[in-house]
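Beneath this line is the structure, given in structure tokens, with notes to follow.
The values are calculated or read from the model by the stated rules, or taken from the named source; none is laboratory data. These numbers come from a predicted model, not from an experiment. Ideal geometry is used to build each Cβ from the backbone, glycine not excepted, and the neighbour counts take in all protein chains shown. Note: areas computed on protein heavy atoms with side chains; ligands, DNA, RNA excluded. Shrake-Rupley method; radii C 1.70, N 1.55, O 1.52, S 1.80 Å.
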Amino acid sequence: MLEDILLDDVAQRKISVFNQLLVTADGTYSVHYFEQFTDFSYARLNSLFAEIHNDLMEKQGMELLTDQGKVHIDLSKLRDIPYSQFLFRKSLPYRFLLATILEKSYTIEHF
């Protein structure tokens, strides 16, 4: 429920794909491999993996994609990443709610 309020569709899709990574064995996989587990097209998955890769680089300095564009899974590292929290904190609704809580008389016009 909180995800529905604070996260846009793209962020919700990224969480869905990230959760799929967490149930996949360590190794290197093609993007096509994940098509069988999701309702996303190859192009959508490729885009989501690129965005997740960028998020992980920003948050942890961790690369998800290899130079060949394959998905490299290291569960020992992925399990330690609070990815949902990261996406919540980046979301516009979360930042607005936080600002209104921390700032007296803060309105949407200020945001």
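See the values below:
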read-out	value
Residues being in contact (Cβ under 8 Å) with a residue 12 or more places away in the chain and either among the charged types (D, E, K, R) or in contact with a Lys or Arg (Cβ under 8 Å, 6 or more places away or on another chain) (or both) - total across the stretch 12-39	8
Condition met for Asn54 (among the polar types (S, T, N, Q), farther than 16 Å from Ile15 by Cβ and surrounded by 12 or more Cβ atoms within 10 Å (Cβ to Cβ))	no
Selection from the stretch 1-34 of residues that are among the charged types (D, E, K, R) and modelled with pLDDT of 95 or more	Arg13, Lys14, Asp26
Residue satisfying all of: in the stretch 77-104; among the polar types (S, T, N, Q) and without any contact (Cβ under 8 Å) to a residue 24 or more places away in the chain; least open to solvent (accessible area, probe 1.4 Å) among these	Thr100
Subset of the stretch 62-75 (residues that are over 17 Å from Lys14 (Cβ atoms) and open to solvent by less than 50 Å² (accessible area, probe 1.4 Å))	Thr66, Gly69, Asp74, Leu75
Checklist (1) touching a helix residue (DSSP H, G or I) at 6+ places or on another chain (Cβ under 6 Å); (2) not in a helix (DSSP H, G or I) applied to Tyr94, failing item	(2)
Answer residue from the stretch 60-79, given it is under 14 Å from the mean Cα position of the chain (by Cα) and assigned to a loop (DSSP other than H, G, I, E, B) and is nearest to Phe34 (Cα to Cα) among those	Leu64
